[in-house]
Amino acid sequence: DAKTTQPNSMESNEEEPVHLPCNHSTISGTDYIHWYRQLPSQGPEYVIHGLTSNVNNRMASLAIAEDRKSSTLILHRATLRDAAVYYCILRVSGDDKIIFGKGTRLHILP
Amino acid sequence: GAVVSQHPSRVICKSGTSVKIECRSLDFQATTMFWYRQFPKQSLMLMATSNEGSKATYEQGVEKDKFLINHASLTLSTLTVTSAHPEDSSFYICSARDPGRRPNTGELFFGEGSRLTVL
């Protein structure tokens, strides 16, 4: 998997939007951008993924730069339960394997 | 939705003993499952790919004789930590993709994790 770069940690206030950035300057045309998150003492869970266009689902939105070299995961209204480590991952279509980077530890302040 | 379950969630054992961790796909069949290890405050490290009916594929630096993987059915993979030592204490997590899921997001489902403590 191609490398991604994320800030080590971020803080946000409860009930405010959170923008989690990810740089992937070496992304190739067949790489999908996936986001997973890991709550404390749990296995990771899928959040969202995209290829070129921005994506929305019930958990979050994914904004992908036009050159695809960066993306931003957007939590529209953070809650305390969103405190987790968020991983931005590049995956080639058809490749099931996920290689995790260090991720961003998101702290939510009440 | 698809669920992957691990057992046990916590296990404590004495140094030198072997420990088996099970990973089950509860409502789908998985020809491939993945095993990860995670140390405190660190990211997940892929250990091996478990293949139903054939040998597992281990990542570089992972001892295959130390971490035995068996994928005997389409819903069960097991990881056995042989002759465990305190440095093997870690959080072990498995995952699998539901090939029949539509739409096909490529989403991997992860188990709850198994925390191993070797005394």
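The values are calculated or read from the model by the stated rules, or taken from the named source; none is laboratory data. Keep in mind that this is a model prediction, so the values were computed, not measured. We place every Cβ from the backbone using ideal geometry, glycine too, and count neighbours over all the protein chains shown.
Can you find, within the stretch A:48-59, the residue that is nearest to A:G29 (Cα to Cα) among those that are of a type in the set (S, T, N, Q) and not in a strand (DSSP E or B)?
Of all residues in the stretch A:48-59, those of a type in the set (S, T, N, Q) come to A:52-54, A:56-57.
Checking which are not in a strand (DSSP E or B) leaves us with A:52-54, A:57.
On the way: A:T52: 9, A:S53: 13, A:N54: 16, A:N57: 23 Å.
Here the answer is A:T52.
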What is the one condition in (1) closer than 22 Å to A:D95 by Cβ; (2) assigned to a loop (DSSP other than H, G, I, E, B); (3) at pLDDT below 95; (4) not acidic (D, E) that B:V62 does not satisfy?
-> (3)
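Residue check: is B:R115 out of contact with any helix residue (DSSP H, G or I) (no Cβ under 7 Å at 6 or more places or on another chain), within 12 Å of chain A (Cβ to nearest Cβ) and under 18 Å from A:Q38 (Cβ atoms)? Let's see the steps before the verdict.
Details: out of contact with any helix residue (DSSP H, G or I) (no Cβ under 7 Å at 6 or more places or on another chain): yes; within 12 Å of chain A (Cβ to nearest Cβ): yes; under 18 Å from A:Q38 (Cβ atoms): yes.
Answer is yes for this residue.
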Select from the stretch A:60-106 the residues that are assigned to a strand (DSSP E or B), touching a residue at least 24 places away in the same chain (Cβ under 8 Å) and away from chain B (no Cβ under 14 Å) and list them in ascending order.
-> A:I64, A:S70, A:S71, A:T72, A:L73, A:I74, A:L75, A:L106
List, please: which pairs have Cβ atoms under 8 Å, are six or more places apart or on different chains, and start with a residue in the stretch B:36-50 that is among the basic types (K, R) and end with one that is part of a strand (DSSP E or B)?
-> B:R37/B:L44; B:R37/B:M45; B:R37/B:M47; B:R37/B:S90; B:R37/B:F91; B:R37/B:Y92; B:R37/B:I93
Filtering the stretch A:29-47 down to residues that are surrounded by fewer than 20 Cβ atoms within 10 Å (Cβ to Cβ), without any contact (Cβ under 8 Å) to a residue 40 or more places away in the chain and assigned to a loop (DSSP other than H, G, I, E, B) yields A:G29, A:S41, A:Q42
Of the listed residues (B:S5, B:S95, B:S50, B:S54), the one being more than 20 Å from A:Q38 (Cβ to Cβ) and either at pLDDT 95 or above or part of a strand (DSSP E or B) (or both) is B:S50
